[in-house]
């Protein structure tokens, strides 16, 4: 049974997760150190490696989806995937929405499939491995569907991976807190 605190945390994670895709779609068209005509706005993720600016939000989305599942269960994670994909349509051109929603839906399903069996073996490991799988799937599909090119693949993967790595200490603290309270996963 979930405590009130777990429910509140879960719904905060869910709200953040759902908002990541529209935020990513908005960023990709408006924020970057350079914007390609009829293409994405880019920023550097490493020396000489550029990525569409939305990658930071998608890296965060992969982690938040795992936390939604941990707090609220797989049903809420699945509903969040569908809502996030649908809301995406409000913030970007149709071609970008189709690419983004398709990549988001399939990468989050891949993340869910990997995370689910691993989460009982270790939260940090499960979040890391499932997020890496999800970000590779998302990067390949999004770039190909949105731009017909994998030119920014290294930047996509690296940018999302940075966000996952930055989030891992927070995930570790959540796991420690849950263990100290004897909380079970949803």
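All of the numbers you see were taken from the coordinates with simple rules; none came from a lab. Note that the structure is predicted; figures quoted are calculated from it, not measured. Ideal geometry is used to build each Cβ from the backbone, glycine not excepted, and the neighbour counts take in all protein chains shown.
Starting from the Cα gyration tensor of the chain, take the square roots of the eigenvalues, sort them a ≥ b ≥ c, and report rounded, prolate or oblate (rounded when a/c is under 1.5, otherwise prolate if a/b is larger than b/c, else oblate). It is prolate, given that a/c is not under 1.5 and a/b is the larger ratio.
How tilted is helix 74-88 with respect to the longest principal axis of the chain? Cα atoms for both, answer in degrees (0 to 90, nearest 10). Here the helix axis deviates by roughly 20 degrees. Considering helices alone, the calculated mean residue ellipticity of the chain at 222 nm is -26000 deg cm²/dmol, with DSSP H runs of length four and up weighted by -39500 (n - 2.57) and normalised per residue. Residue order for 111, 151, fewest other beta carbons within 10 angstrom first, comes to 151, 111.
Working from Cα pairs under 8 Å separated by at least six residues, relative contact order for segment 76-186 is 23 percent. Pull out the extension gain between residue 8 and residue 121, defined as 0.36 nm times the separation in residues minus the alpha carbon to alpha carbon distance; nm, one decimal. Between residue 8 and residue 121, full extension yields an extra 38.2 nm. Taking Cα atoms only, the orientation of helix 153-181 departs from the longest principal axis of the chain by about 10 degrees. Between rounded, prolate and oblate, where does segment 79-159 land on the alpha carbon gyration tensor, with a ≥ b ≥ c its root eigenvalues, rounded for a/c under 1.5, else prolate if a/b exceeds b/c? Oblate shape, in that a/c is at least 1.5 and b/c is the bigger or equal ratio. Averaging the sequence gap over all C-alpha pairs within less than 8 Å and six or more residues apart, then dividing by the number of residues, gives the chain a relative contact order of 25 percent. Quick one: angle between helix 55-72 and the longest Cα principal axis of the chain, in degrees between 0 and 90, rounded to 10, please. Its long axis makes an angle of about 20 degrees. Between residue 1 and residue 150, full extension at 0.36 nm per residue minus the direct alpha carbon distance yields a gain of 49.1 nm.
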